[in-house]
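Just so it is clear, none of the values below were taken in a lab; they were calculated from the coordinates. Fair warning: this is a prediction, and the values are worked out from it, not measured in the lab. Neighbour counts are summed over all protein chains in view; Cβ atoms, including those assigned to glycine, are modelled from backbone coordinates with ideal geometry.
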Amino acid sequence: MVLGAEHALPGELRVLKAAERSLNGERRGIRAVLPFLGPAFIAAVAYVDPGNFATNMAGGSRFGYMLLWVVLAANLMAMLIQSMSAKLGIATGRNLPEVCRDRFPRPVVWFLWVQAELIAMATDLAEFVGAALGLNLLFGMPLFIAALLTGLIAFVILGLQASGFRRLEATITGLVGLIVIAFGLEVFRADPSWGSVLGNTVVPHLDGPESILLATGILGATVMPHVIYLHSALTQKRVVGANAEAKRKIFHFEMVDVVIAMGIAGVINLAMLTTAAAVFNSRGLISVGTDLGQVFNGLEQYVGKNSGVIFGIALLASGISSSSVGTLAGQVVMQGFIRRKISVFLRRSITMVPALIVIGAHFDPSRALVLSQVFLSFGIPFAMIPLVLFTRDRKLMGNLVNSRWTNLGAYGVATMIITLNVFLLYQTLFGS
């Protein structure tokens with residue numbers, strides 16, 4: 001029921017054999033799911049990148065618990081979008097950029113490639129600046145030197161691909177686990193109002209253009225365009241079903257992967273915003289969250305000893321892991337849209353440049369993080385609309401075609417994101 005084992009590395013072969021037993025019903029329960037866990041955890045890193053730190057801390061400090069519902073909504077959107085991306089790879093054996101290249105006119109394909117590359121640069125900016133800030137806050141290292149070191153560490157992580165997908169997945173998952181532990185400690189030490197947390201998580205409301213700006217930033221930081229492209233590539237050849245029934249079973253296992261990974265990412269984001277609301281907004285320090293350096297010092301001052309250090313470690317883990325994932329996404333984008341491939345290490349070197357320029361020019365790094373996330377939200381429709389068009393096509397998807405309810409949910413998400421972006425653009429150009 002599984003194809004491609006003859007070309008697998010030893011570690012990958014063990015996973016494929018375990019996946020075969022799961023699909024045949026020989027492995028059950030948790031053991032049956034284990035061979036399929038991994039792709040969504042790599043994608044989930046983008047949902048807890050330094051841009052999320054910036055927007056969540058700014059949102060919590062400025063508006064308290066009010067924007068928690070935005071974080072929850074964005075995470076539910078992420079589950080829907082990433083499940084469709086994973087499904088496209090499983091059903092077709094091709095990733096989203098490749099399907100776009102095959103089905104769209106050449107000018108459209110080139111436009112989609114250019115905007116995807118610009119989105120990748122904005123992504124890299126957030127990741128590099130975040131990791132550099134983490135090193136700066138923890139060790140007092142100059143930002144520019146810290147950014148160079150971040151690049152070096154990213155090279156090492158990307159080199160794990162040579163040993164097969166499982167080692168890279170385990171490393172990324174371990175870094176996500178570190179972030180989970182860090183914010184688990186932070187949120188409970190912050191002693192938030194749990195009643196306010198619950199109420200604001202389920203009751204939607206906003207308060208003026210600034211809250212909409214931050215809501216759009218949170219959306220851009222959570223629903224990431226580049227991992228919409230990447231997730232389809234992570235599943236297209238990982239475990240290849242030999243027939244339609246095998247593909248259906250693989251997708252059901254992958255849905256478990258998506259729910260677990262995106263659920264963890266959602267909890268981290270909720271914990272970030274809750275911490276900022278409990279520590280800073282409750283004390284009237286509404287502007288602290290706009291500067292991650294002040295967040296670091298404020299946590300140390302108001303929450304307790306080593307709270308700032310814990311925050312810095314989480315920020316560093318986030319920046320390093322997400323910068324590696326961003327580079328993988330860039331490879332998928334270029335190779336898929338225009339059939340060009342460059343060394344992953346050369347791409348890493350090139351995409352470092354904008355971040356190094358921003359850092360070298362002494363631009364406010366925290367402000368750069370927030371603005372990069374707003375920019376990212378404008379790229380979501382260009383990835384999502386083709387994804388919906390393809391996954392609703394029965395001839396392309398076979399028995400994994402979207403259900404009517406999935407299509408309706410996807411239409412609603414796309415409409416909401418586009419509407420928010422149009423409003424944000426209007427406020428930016430014509431607002432008082």
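Observations on the structure shown:
- The orientation-averaged projected area of the convex hull spanned by the Cα atoms of region 1-149 comes to 13.9 nm².
- For the peptides 153-160, 332-339, the ranking by packing is 332-339, 153-160, with the highest mean count of neighbouring Cβ atoms within 10 Å listed first.
- Label-point separation, His205 to Trp110 (7 Å along Cα→Cβ), nm: 5.1 nm
- Gain on full extension, evaluated as 0.36 nm per residue between Glu245 and Ile342 minus their Cα-Cα distance, stands at 31.3 nm.
- Pairs of Lys residues in the chain, spaced 8 or more positions apart or belonging to different chains, with C-alpha separations under 18 angstrom: 11 in total.
- Sorted largest first, the spans of the alpha carbon positions of region 289-357 along the three principal axes are 53, 21, 17 Å.
- For Leu376, the shell of other residues with beta-carbons less than 12 Å away shows a net charge of -3, using +1 for Lys and Arg and -1 for Asp and Glu.
- Note on Arg283 and Ile260: their simple-model spin labels are 3.8 nm apart, each label 7 Å out from Cα toward Cβ.
- For the chain, the relative contact order comes to 36 percent (Cα pairs under 8 Å, sequence separation of at least 6).
- FRET E, pair Arg103, Ser403, Förster distance 35 Å, beta-carbon r, rounded to 0.05: 0.95
- Gain on full stretching of the segment that runs from His252 to Val309 - 0.36 nm per residue minus C-alpha separation: 16.6 nm
- Between the amide H of Val240 and those of Leu3, distances stay under 5 Å, these residues lying 5 or more places away or on another chain, with hydrogens modeled in the peptide plane.
- Shape class for region 223-358: oblate, because the ratio a/c of the largest to smallest gyration tensor axis (alpha-carbon atoms, square roots of eigenvalues) is 1.5 or more and b/c is at least a/b.
- Segment Ile385-Ile418, length gained on full extension (0.36 nm per residue, minus Cα span): 10.8 nm
- Three-way shape call for region 82-223 based on the alpha-carbon gyration tensor, with the a/c threshold at 1.5: oblate
- Calculated from backbone phi, Karplus (6.51, -1.76, 1.60) coupling profile of region 409-417 in Hz, x at Gly/Pro: x, 5, 4, x, 5, 4, 5, 4, 5
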